[in-house]
Amino acid sequence: MSTLSTTTSAAHLFDIRRSDTPRPAAEREAALAAPKFGTVFTDHMARVTWSQATGWQDRRVEKYGPLLLDPACAVLHYAQEIFEGMKAYRHADGSVWTFRPQANAARFAASARRLALPELSEADFLGAIEALVATDLPWVPSGEEKSLYLRPFMYASESFLGVRPSLEAEFLVIASPVGPYFAGGVKPVSIWVAQDFHRAGPGGTGGAKCGGNYAASLLPQQEAYAQGCEQVCFLDAATNSVLEELGGMNVFVVHADGRVSTPELSGTILEGVTRSSIIQLLTDAGHEVDERPLPLAELRAGLADGSVAEVFACGTAAVVTPIGRLASGDFDLTVGDGQAGAVTSRVRAELTDIQYGRATDRHGWMHRLA
C-alpha cells in the first residue's frame, strides 16, 4: 500500500566494512522482543567525513563504537552540532520503509546552515540511511509500536580553540530498536507550562534541530518531573504569553467545534515533519487548521469553559501523544475528561497505519529502504 520513492540516493557509494564482533542472534532477538527507547544500538553506523579542503568523502558503514575526540574538538567547546530523528518500519510483507526522509534531509540542511556547518546533499543523507539499514536489516523489529529509530547527526570535529566555524565535520547515522517513547505506552500525559524558562528566542536557533535547544529544556524538564508531569511546554521568550512547543514535540489544540490550532512557525519552534503531516491529515478530514499565535490565556479559558476539547503533542519519537492535564504554578486544568480524545486517537491511528503499511499512502510519504 506504500509507493516506491524515486528520490536518488548515494547508497551505492558507501563502503560496507562489517563488524568483526556482531551481536549474537539470540542477544539481538532479546533486545527486539522488548526494546527500550535509545538504549541498545545496532552493530554498525554510517559515516561520512568532511573538510573545507576536500569536501564530503570516505562514505562508509562501519562497526558501531566510540568516537575518538581530541580534547580541543570544536563541538565540545562551541556546541556546533545538529541532528535528526527518523524511524524505519517493517511492514507485514517484511519490507522496510521510512517516513518522509526528504523532509528530514531538507531540515538537516537548514539546521546545518544555521549552525555554520557544511550542508549534506539529500542523496548522501538518504544513502547513509539506506546503506545502514540494509547492513543491519535483522535489527528492524516487527510488531505494534516497534520500529528502528534512526539518528543522523553532524558535529564540528576540528581540533582548535577559537570562535569560528569548524573546518572539519563528521556526519554519522546510528540506529536503535525501539518501542513506545513513553514507558507506559500511549496514554494521556501531564504537561507543565514553564513560565520562568524559555527554549529559544527570536533570531536564535529555535528553528534548527541542534543539541543546545534540548540542553536548554532539561532544567525546566526537571521542574516538570518534580511537579508530577511528564513533559514541559514552553512559552515565547518575547511576551511569555504564547504557546510554542514542548521540549521535543509540537503541540495541537482541538476546539469543540472541530477547528484545530497549532502555534505558527515563527522561527523559534521546530518545523516538525510529523507536525506538517498531521496538518495535512486533519485538512483531508475536513478540519479547519489554524497556524497562529496561541495565547496561554486563550487555552486556559477554553479548557475551563469546554470550548477546547482536546490537546495533543506530536513528534517522530512519540508520534502522537494525548495531553490529559495542563498545569503550572497558578493553574491545574484537566483536558476534556482526561482521556485521549476522538480527533487525537483518529489522527494517530491514521498516521501510524500509513507508516506501518496498513493504509494507502496517498501522499507518497513512504520511502522504501529494503
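Given the criterion charged (D, E, K, R), in contact with a strand residue (DSSP E or B) (Cβ under 9 Å, 6 or more places away or on another chain), under 30 Å from GLY341 (Cβ atoms) and modelled with pLDDT of 95 or more, identify the matching residue among LYS187, LYS209.
Details: LYS187 fails: modelled with pLDDT of 95 or more.
Going through LYS187, LYS209 in turn, just one is charged (D, E, K, R), in contact with a strand residue (DSSP E or B) (Cβ under 9 Å, 6 or more places away or on another chain), under 30 Å from GLY341 (Cβ atoms) and modelled with pLDDT of 95 or more: LYS209.
Please state which of the following conditions GLY94 fails to meet, knowing it meets all the rest: (1) open to solvent by 60 Å² or more (accessible area, probe 1.4 Å); (2) in a loop (DSSP other than H, G, I, E, B).
Going through the list (1) open to solvent by 60 Å² or more (accessible area, probe 1.4 Å); (2) in a loop (DSSP other than H, G, I, E, B), GLY94 breaks only (1).
Condition test on PHE108, is it surrounded by 22 or more Cβ atoms within 10 Å (Cβ to Cβ) and within 27 Å of ASP353 (Cβ to Cβ)?
Working: surrounded by 22 or more Cβ atoms within 10 Å (Cβ to Cβ): yes; within 27 Å of ASP353 (Cβ to Cβ): yes.
For PHE108, the condition - surrounded by 22 or more Cβ atoms within 10 Å (Cβ to Cβ) and within 27 Å of ASP353 (Cβ to Cβ) - is met.
Determine which member of the set ALA175, ALA215 is open to solvent by less than 20 Å² (accessible area, probe 1.4 Å) and either in contact with a His (Cβ under 7 Å, 6 or more places away or on another chain) or under 30 Å from LEU117 (Cα atoms) (or both).
On the way: ALA215 fails: open to solvent by less than 20 Å² (accessible area, probe 1.4 Å).
Among ALA175, ALA215, only ALA175 is open to solvent by less than 20 Å² (accessible area, probe 1.4 Å) and either in contact with a His (Cβ under 7 Å, 6 or more places away or on another chain) or under 30 Å from LEU117 (Cα atoms) (or both).
Here is a list: GLY286, GLY329, GLY364, GLY338. Which entry is out of contact with any Phe, Trp or Tyr (no Cβ under 8 Å at 6 or more places or on another chain), modelled with pLDDT under 95 and open to solvent by 20 Å² or more (accessible area, probe 1.4 Å)? So that I can check it myself, show each step before the final result.
Details: GLY286 fails: modelled with pLDDT under 95; GLY364 fails: modelled with pLDDT under 95; GLY338 fails: open to solvent by 20 Å² or more (accessible area, probe 1.4 Å).
The conditions single out GLY329.
Which members of region 39-67 meet the condition of being at positive phi and open to solvent by 60 Å² or more (accessible area, probe 1.4 Å)?
ASP58, the sole residue that qualifies.
Just give me the residues in region 325-368 being within 18 Å of PHE182 (Cβ to Cβ) and under 22 Å from the mean Cα position of the chain (by Cα), in sequence order. Break it down into steps so the answer makes sense when it comes.
Applying the first criterion (within 18 Å of PHE182 (Cβ to Cβ)) to region 325-368 yields 325-327, 335, 338-341, 344-345, 347-349, 351-352, 355.
Once the filter is applied, which keeps residues that are within 18 Å of PHE182 (Cβ to Cβ) and under 22 Å from the mean Cα position of the chain (by Cα), region 325-368 yields ALA340, THR344, SER345, VAL347, ARG348, ALA349, LEU351, THR352, GLN355.
May I ask you to verify whether ARG151 is farther than 18 Å from GLY364 by Cβ and either acidic (Asp, Glu) or in a strand (DSSP E or B) (or both)? Write out each step before concluding.
On the way: farther than 18 Å from GLY364 by Cβ: yes; either acidic (Asp, Glu) or in a strand (DSSP E or B) (or both): yes.
Answer is yes for this residue.
Among the listed residues VAL347, VAL319, identify the single one that is of a type in the set (A, V, I, L, M, F, W, C), open to solvent by less than 60 Å² (accessible area, probe 1.4 Å), touching a residue at least 12 places away in the same chain (Cβ under 8 Å) and on the phi > 0 side of the Ramachandran plot. Walk me through it before giving the result.
Numbers: VAL347 fails: on the phi > 0 side of the Ramachandran plot.
Result of the check over VAL347, VAL319: VAL319.
Looking at GLY179, GLY162, which is the one that is at pLDDT below 95, small (Gly, Ala, Ser) and touching an Asp or Glu at 6+ places or on another chain (Cβ under 7 Å)? Spell out how you get there, then give the answer.
Details: GLY162 fails: touching an Asp or Glu at 6+ places or on another chain (Cβ under 7 Å).
Within the list GLY179, GLY162, the selection yields GLY179.
List, please: which pairs have Cβ atoms under 8 Å, are six or more places apart or on different chains, and start with a residue in region 21-46 that is touching a residue at least 60 places away in the same chain (Cβ under 8 Å) and end with one that is among the aromatic types (Phe, Trp, Tyr) and in a loop (DSSP other than H, G, I, E, B)?
PHE37/TYR181; PHE41/TYR64; THR42/TYR64; ASP43/TYR64; HIS44/TYR64; MET45/TYR64; ALA46/PHE14
Residues checked against (1) in contact with a Lys or Arg (Cβ under 7 Å, 6 or more places away or on another chain); (2) open to solvent by less than 50 Å² (accessible area, probe 1.4 Å):
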residue: TYR225; (1), (2): no, no
residue: VAL232; (1), (2): no, yes
residue: ASP236; (1), (2): no, yes
residue: ASN240; (1), (2): no, no
residue: LEU243; (1), (2): no, yes
residue: ASN250; (1), (2): yes, yes
residue: ASP257; (1), (2): no, no
residue: LEU265; (1), (2): no, no
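For the subset of region 203-244 comprising residues that are free of Cβ contacts under 8 Å to residues at least 40 places away in the same chain and among the aromatic types (Phe, Trp, Tyr), which member is nearest to GLU84 (Cα to Cα)?
TYR214
Need the failing condition index for ASP196 against (1) assigned to a loop (DSSP other than H, G, I, E, B); (2) surrounded by 14 or more Cβ atoms within 10 Å (Cβ to Cβ), just the number.
(2)
Quick one: in region 21-56, of everything that is among the polar types (S, T, N, Q) and touching a strand residue (DSSP E or B) at 6+ places or on another chain (Cβ under 6 Å), which residue is farthest from LEU115 (Cα to Cα)? Working first, answer last.
Looking only at region 21-56, we keep the residues that are among the polar types (S, T, N, Q), and these are 21, 39, 42, 49, 51-52, 54.
Now drop any that are not touching a strand residue (DSSP E or B) at 6+ places or on another chain (Cβ under 6 Å), which leaves 42, 49, 51.
On the way: THR42: 29, THR49: 17, SER51: 16 Å.
Checking each candidate, the answer is THR42.
Return the residues of region 122-143 that are in contact with a Gly (Cβ under 9 Å, 6 or more places away or on another chain) and either open to solvent by 50 Å² or more (accessible area, probe 1.4 Å) or part of a helix (DSSP H, G or I) (or both); say none if nothing qualifies.
Pass one, region 122-143, residues in contact with a Gly (Cβ under 9 Å, 6 or more places away or on another chain): 141-143.
Passing the criteria: only SER142.
Give me the residue from region 86-113 that is more than 18 Å from the chain's Cα centre (by Cα) and of a type outside the set (Val, Ile, Thr) and, out of that set, nearest to ALA175 (Cα to Cα).
To start, the set of residues in region 86-113 that are more than 18 Å from the chain's Cα centre (by Cα) comprises 90-96, 113.
Restricting the remaining residues to those that are of a type outside the set (Val, Ile, Thr) gives 90-95, 113.
Working: ARG90: 14, HIS91: 18, ALA92: 21, ASP93: 22, GLY94: 18, SER95: 17, ARG113: 25 Å.
Top of the filtered list is ARG90.
Within region 147-157, which residues are more than 19 Å from GLY212 (Cα to Cα) and not hydroxyl-bearing (Ser, Thr, Tyr)? Break it down stepwise before answering.
Of all residues in region 147-157, those more than 19 Å from GLY212 (Cα to Cα) come to 147-150.
Scanning region 147-157 gives LEU148, LEU150.
The values are calculated or read from the model by the stated rules, or taken from the named source; none is laboratory data. Predicted model, so just to flag it, every value in this text is computed and none were measured. Backbone-built Cβ (ideal geometry, glycine too); neighbour counts: all protein chains shown. Just the protein is used for accessible areas: all its heavy atoms, side chains included, with ligands, DNA and RNA removed. Shrake-Rupley method; radii C 1.70, N 1.55, O 1.52, S 1.80 Å.
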